[in-house]
Structure formats: structure tokens, C-alpha cells
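**Q** Encoded as C-alpha cells, here's the structure I'll be asking about.
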Ligand code: BES
Ligand code: ZN
Ligand code: ZN
């Protein structure tokens, strides 16, 4: 899909179809041509509601009220509604009514690209998106004058971040035997070559040397050997140094604490955190942001077999702490313990974030569509909350407390890999991770549990069935914001 910005009024643009957004309850407005037809069609202008008038080559889409998040899902619905048509060139107004105008433009473009995404690698017949050209009219709106250069940059960044999100979606959706740890490493390596990133891949021998015994234990029963990947974007005079760690479980069977069949389906998505790191590194380098960004991925498969690690084992993590394994399905935190320690050894960062499909408890707590952000300090957590809000992703804070911390105590090792209570599982998992954050990074770290939104088995908002690319948009937004202030 090609995008073009023009200052020409919408009605002067020659296109095959116009998309018109209608604010709910605002149907009486004079600029709406097809009022009678809309009424006849029963169109109410509810959020994401669409109606296509073939005779007039107009598609109407409802928005509850003008906001970035609403525009994003509306254009995603609009482009989906055109999937089986033959409309090649579409035009739309920019709906920019304040200084926030670029946020609307960004959301609009992201919505089109995110909404048009399809995962069809395994389909014999592929669908073709008919829409090749989208022209956006920047005609002066409510007397607000637009800066065309700023709009062009907004368009460019919207395309980059949406395409990076789709890149992440493709990786997550790929099946576990087509996407195992070495494949993740190859994807990282190719990306590094294309985008001028530094790339280091640690294989089992190097992992042993780095004393990543917890990660190696999780990996042991799989025929696919683990990899730890470090990608780096290093511009000159960076405004900040940021490390991002991702859980990359290319499959999570649960290990010997085997998941029941129903819970195992979709566990190819347990690599979503690591895949988000790949998407973030792609976007950051495509945008050439003046921030030094380090991405670390723990790519591992959690399987069963004669060589599997066991409940009752005690593992020694990279930072020297001993862990009593009580459940091999709480494997993500074991992998992250070592990769977080490695990331901190390699880079002294201004902020350290990790993305992980860490707990079912997070999904139980806040639902399918929302991530949980946790950590010791409000500063990195607030950065995530703010950035998520402007990106259209949903994130909420889940607080630590000292009572839950006690539930991770072990009688025989420094800590257990699961808590002794059924409740608060997202928080106790994050508190476990916190044991592997050194003092220098304690207040610079935030953990984002993306277990809910990373993979949902139906269409929601701008997201398709399957992988959503959770984390990419919020993190890229955060990094963009950091380029504007002093860290
Ligand atoms: N990968 C899962 C968490 C998960 C669950 C992600 C559902 C996405 C959807 C994780 O490794 C896991 O199995 N966690 C256990 C922890 C428990 C054993 C303490 C869980 O959440 O049940
Ligand atoms: Zn698990
Ligand atoms: Zn897992």
C-alpha cells in the first residue's frame, strides 16, 4: 500500500472510493452526502461500523468520538471491509482538528496497515489486498494550519512502526517447527545485515561459559538448541541507552509439568516477547532514532523427554542465585533470569524493559486485551503507561507488595520458581524476575506481561486473529518520546 499526502480538498482527489468517518450521533452534519441512504441502511455510526455504497463509491465508517485509538480501529475496519472488492485507489480526509493532528494522521495510517494484515503462509490460496494507493487530504481543517514536513515524517513513522508490528506478527504466527531458536537467530542476523545493526548470537557452549544454567536447563529436553541473541542499534551521540529483553519460548509444552492439551494450543505464541524485540529493533533502525537500543532475546523450546529438567531440581542462575524448580511450566522466568543478568552485564542502560508472555494469571486478572506493567519504581512504569496510551495499546499497572514477596521463599534454595499461593501470579512472577535485577538497575527496570494481548484468537480493533505484535508500538513510541526530552 502506497500513501500520498495532499493539500487538495477530498472532493478534488480522483480516486476509486472515498472513505468517510462519521462521528456517532453526528449523522445530521451537512457534509455527509448520503444521509437518507445511511438511514435506510440502518447505519448508526457506532465505533467501527461500516457501510459500503457501491453505487456512490463511498465507504462510511463510524467513530464514537475523534481520538487516535478510535481512528486507528476505524481505518482498520474500513480496509477489512474492502478486502473482497476491487477498489484500488482510495481517498480520505485527515480529520485533524487540533494540535494533536499528527496523532490522528499516525493512527489513521497505522490502522490501514495493521488492519490489512493477513497471515497466509500456510494457506494454499492467498488473498490479495485490492487497495494499492491511499491519498490523504490535509485540507485545512477548523483553521488549523498543517506543517507538511511534520505530516510527512508522521506518515513515514506510522508506516515503519506498523510494518514492524506486522513483521513481529509473522514471526509469532509461524509454527514451532518452522520457527525454533536457531530460526529466531537467523531472522535477527538477516535483520542486522539489512538494517546495520550489531548482532551477537550465543550458542550452547557460549551460554555455558556465561553460566546461564537456568536457561540451559529449560532448553535441555528439546532437539532445538537454545540461542541468546543480542542486537544493538548504536547511533552517534545517543540521547539515552535502553535495553529490551524478550522471552522467546518458541514452544512451551510446560515441560514435565505438562500443560493440559487445551492449554498447549497457541503456545507457539510464547515467543511473542522475543519477536516484539525483533520488531522494535527493526523500527528503531528504520527510523534511525538517536537512542542506543540493545535488544536481547532468550530463544528456547520447553519440551519433555528423558533429559528434561524436573520439578525438585535446583538451578544456579547466572547471577549466582539458586532456584528451586517446583513447576517446569514456570520456565519463562528461568530463561529471563539469565538473559536479564546477561543484558545488565553487557550494557549499563538508562532503562531496562522486558516483554514476556509470562503468566496466565495476568490474563485472568486484566483480560485478553491488556498487558500488565510491573517493577520497583513508578518512573519506568509510567513511561510505558504513557507511551502505550498514545500508541493505542492497553497497559495497566500491577503493584508489588511485601506479603506476596514472601510466597516465593524456598526451604532449600534462595528462591522458588513458583509462589505458594494460587493468587497474584502475575505479580509474583515479576517479583521473581526482580531478584535478577542488580542494584544499579533496580529503579530503571519494568516488566511488561503481554500474555493476554500477544495472541488472541479473534479479530479485535486493529488486530487480526492470532498474533497482534503487542509491545512493538508502545516501545517504539516510548523511544521516540525519549528523543524529545533529556533522560
Ligand atoms: N507461557 C506461559 C504463560 C501463558 C499462559 C502465556 C497463557 C500466554 C497464555 C507460562 O510459561 C506459564 O506456563 N506460566 C504458568 C505459571 C505457573 C506454573 C506458575 C501459568 O501461567 O500457568
Ligand atoms: Zn510455561
Ligand atoms: Zn511460557
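Here, each number is a calculation from the coordinates, and none is a lab measurement. Being a predicted model, the structure only gives us computed values, none of them experimental. Heads up, the Cβs are rebuilt from the backbone with ideal geometry, glycines too, and the neighbour counts pull from every protein chain shown.
**Q** Kindly state, to the nearest 0.05, the FRET efficiency for residue 322 paired with residue 368, given R0 = 60 Å and r defined as their beta-carbon distance. Present the calculation step by step, with values, prior to reporting the outcome.
**A** Numbers: r = 35 Å, r/R0 = 0.59.
E(calc), rounded to 0.05, equals 0.95.
**Q** Now for a different question. Could you please rank 109, 23, 456, placing first whichever residue has the fewest other Cβ atoms within 10 Å of its Cβ?
**A** Placing the least packed residue first, the sequence is 23, 456, 109.
**Q** Expected output is a single nm value to one decimal: the length gained when fully extending between residue 459 and residue 23, i.e. 0.36 nm times separation in residues minus the C-alpha distance. What is it?
**A** Here the segment from residue 459 to residue 23 would lengthen by 154.7 nm.
**Q** Contour minus end-to-end for residue 405 and residue 156, with contour as 0.36 nm per residue of separation and end-to-end as the Cα-Cα distance? Before the final figure, lay out each step's value.
**A** On the way: separation 249, 0.36 × 249 = 89.64 nm, distance 4.49 nm.
Extra length from residue 405 to residue 156 when fully extended: 85.2 nm.
**Q** What FRET efficiency, computed as 1/(1 + (r/R0)^6) with R0 = 56 Å and r the Cβ-Cβ distance, is obtained for residue 258 and residue 54, rounded to the nearest 0.05?
**A** Efficiency at R0 = 56 Å is approximately 0.60.
**Q** Further, regarding this structure: Over its Cα atoms, what ratio of radius of gyration to 2.2 N^0.38 Å does the range 2-146 give?
**A** 1.02
**Q** Follow-up. Need the C-alpha centroid separation for the range 208-239 versus the range 262-294, integer Å.
**A** So the two Cα centres are separated by 14 Å.
**Q** Give me the log10 of I(q) over I(0) for the chain at q = 0.11 Å⁻¹, as the Debye formula computes it from C-alpha points; what are the numbers?
**A** Here log10 of I(q) over I(0) equals -0.87.
**Q** Right, here's the next one. Please state, as a whole number in µm²/s, the translational diffusion coefficient that the Stokes-Einstein equation yields for the range 82-125 at 10 °C and 1.306 mPa s, with Rh defined as the Kirkwood radius across alpha carbon pairs.
**A** Numbers: Rh = 12.9 Å.
Translational D for this selection: 123 µm²/s.
**Q** Ranked highest first by average number of other Cβ atoms within 10 Å, how do 337-346, 8-17, 221-230 line up?
**A** 337-346, 221-230, 8-17
**Q** In the range 52-88, whose amide N lies under 13 Å from the spot 7 Å out along Cα-to-Cβ of residue 14? List them in ranges.
**A** none
**Q** Which of 393, 24 comes first, and how do the rest follow, when ranked by fewest Cβ neighbours within 10 Å?
**A** 24, 393
**Q** Measure nothing but the geometry: give the 0 to 90° angle between the long axis through the Cα atoms of 332-346 and the longest principal axis through the Cα atoms of the chain, rounded to 10°.
**A** Helix 332-346 and the main axis of the chain meet at about 90 degrees.
**Q** Taking the Cα atoms only, what angle lies between the long axis of helix 68-81 and the longest principal axis of the chain, rounded to 10 degrees?
**A** Computed tilt is about 70 degrees.
**Q** How would you order 368-381, 313-326, 403-416 from highest to lowest mean count of nearby Cβ atoms within 10 Å?
**A** Ranked by mean Cβ neighbours within 10 Å, highest first: 368-381, 313-326, 403-416.
**Q** How much of the DSSP bridge set in the range 163-483 is antiparallel, in percent, rounded to the nearest 5?
**A** 45 percent
**Q** Calculate, for residue 39 and residue 133, the FRET efficiency according to 1/(1 + (r/R0)^6) with r their C-beta to C-beta distance and R0 25 Å; round to the nearest 0.05.
**A** According to the calculation, E is roughly 0.20.
**Q** Here's something else I'd like to know. Helix 101-115 versus the longest principal axis of the chain: what angle, 0 to 90°, nearest 10, using Cα atoms?
**A** It works out to around 70 degrees.
**Q** Same structure again: In nm, to one decimal, how far is the modelled label at residue 379 from the one at residue 208, with both set 7 Å along Cα→Cβ?
**A** Using points 7 Å along Cα→Cβ, the separation is 4.1 nm.
**Q** Could the peptides 192-203, 56-67 be put in order, highest first, of the mean number of other beta-carbon atoms found within 10 Å of their residues? Spell out each step's value before the answer.
**A** Details: 192-203: 16.1, 56-67: 18.7.
Those peptides, ordered most packed to least, come out 56-67, 192-203.
**Q** Which value at 222 nm does the chain reach when only helices count, each DSSP H run of 4 or more adding -39,500 (n - 2.57), with the total divided by all residues and rounded to the nearest 500 deg cm²/dmol?
**A** Mean residue ellipticity, 222 nm, calculated: -10500 deg cm²/dmol.
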